[in-house]
Amino acid sequence: MFSKIFSNVREKCPLIHNITNYVTVNDVANILLACGGSPIMSDDEGEVEEITAICGGLNINIGTLNKNTIPSMFLAGIKANELGHKVLLDPVGAGASALRTKTAVDLLKKVKFDVIRGNISEIKTLVLGSGTTKGVDADVSDAVTDENLEKSVAFVKDFASKMNCVVAVTGAIDLVSDSQKCYVIRNGRAEMGKITGTGCQLSGMTAAFITANPDNVLEATAASVCAMGLAGEIAWSKMNEGDGNSTYRNRIIDAIFNMTGTELEKGAKYEIR
């Protein structure tokens, strides 16, 4: 199934509107190109509705909020809903400041999201309406582990049911769930945490996957998460002496560019609960 999902992205080349984190905007654009999608980056409220209208999907990332982009997120999200486009929220750093938390919570009230993707601390913040994170990283005390896996799966399923969408919690163990089923994914490398933006890249890529597979959002999201983790594994295997996190970032993008659906199908490590 993952092979067909990936092939659909390559064949359909979905155009994705990104209102995203300016720290990682270039990497998001490149990972979208690498997976077979096409990126547009636009965050001025004077044009976001028009840009959203010509795209197939919308990726909203709150990583670098400011007074100009917040209204744009609502305008684009509401327009995407009106047009029936797929919409993803990446609540980067929710819980780190009142502004981030309020913006994320308000977006959930006014925009219907098909996928919410974040780390476990960010997702817990959305559930509670408040929280704390370590900057934009998950608090170690929140981490999904084998010891708390059953409880974590139930938590993600419950939130997915409440929001009527797919929820993807990414970390050492990734959870991708709707209200009934949860993919427990174990692809990836710990070293991916040393690169700024792997989460932002994943959100952009996931928006492309769900846009190209609109009737299969759960599996498309799981396939994207597996693909990113597998790319991290492949990229790490190609690292040479003297290579660092900058090289690793580029090798991850290259791994997505060169990945095939068959390779993803064989390399995906997951169980369903």
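The values are calculated or read from the model by the stated rules, or taken from the named source; none is laboratory data. Since the model is a prediction, treat every value here as computed from it, not as a measurement. Cβ: placed from backbone, ideal geometry, glycine included. Neighbour counts: every protein chain shown. Protein only, heavy atoms only, side chains kept; ligands, DNA and RNA dropped before computing areas. Shrake-Rupley method; radii C 1.70, N 1.55, O 1.52, S 1.80 Å.
A crude spin-label estimate for the pair Asn164 and Gln180, with each label 7 Å from Cα along the Cβ direction, gives 1.6 nm.
Relative to the present Cα-Cα distance, how much length would full extension add between Glu150 and Asp215 at 0.36 nm per residue of separation? Kindly include the intermediate steps, with their values, before the conclusion.
Details: separation 65, 0.36 × 65 = 23.40 nm, distance 2.76 nm.
Going from the current span to full extension adds 20.6 nm.
For the pair Ala98 and Ala190, the difference between a 0.36 nm per residue extended length and the Cα-Cα distance amounts to 30.2 nm. What is the range 6-158 by shape, rounded, prolate or oblate, if you read a ≥ b ≥ c off the alpha carbon gyration tensor as root eigenvalues and call it rounded for a/c under 1.5, prolate for a/b larger than b/c, and oblate otherwise? Verdict is prolate for the range 6-158. According to the square roots a ≥ b ≥ c of the eigenvalues of the Cα gyration tensor, what is the shape class of the range 211-273, taking rounded for a/c under 1.5, prolate for a/b larger than b/c otherwise, and oblate for the remainder? Here the range 211-273 falls in the prolate category. Extending 7 Å from the Cα toward the beta-carbon at both Arg10 and Lys109 defines two label points whose distance is 4.5 nm. The 3J(HN,Hα) values that the Karplus relation (6.51, -1.76, 1.60; θ = phi - 60°) gives for the range 244-258 are, in residue order, x, 5, 5, 5, 4, 4, 5, 5, 5, 4, 4, 5, 5, 4, 8 Hz. Gly and Pro appear as x. Counting only DSSP H runs of at least 4 residues, each contributing -39500 (n - 2.57), and dividing by the residue count of the chain, the helix-based mean residue ellipticity at 222 nm comes to -16000 deg cm²/dmol. Which value in nm describes the separation of the simple spin-label points at Tyr22 and Arg273, placed 7 Å from the Cα toward the beta carbon? It is 4.1 nm. Using a Förster radius of 51 Å, what is the FRET efficiency between Phe257 and Lys67 based on their Cβ-Cβ separation? Nearest 0.05, please. So, using R0 = 51 Å, E works out to roughly 0.90. For Ile272, the accessible surface of its heavy atoms amounts to roughly 90 Å² (probe 1.4 Å, protein chains only, rounded to the nearest 10).
Please give the contour-minus-distance gain from Glu241 to Val127: 0.36 nm per residue of separation, less the Cα-Cα distance, rounded to one decimal in nm.
Numbers: separation 114, 0.36 × 114 = 41.04 nm, distance 4.36 nm.
Length gained, Glu241 through Val127: 36.7 nm.
The residues of the chain expose on average 42 square angstrom of accessible surface per residue, using a 1.4 Å probe on protein heavy atoms.
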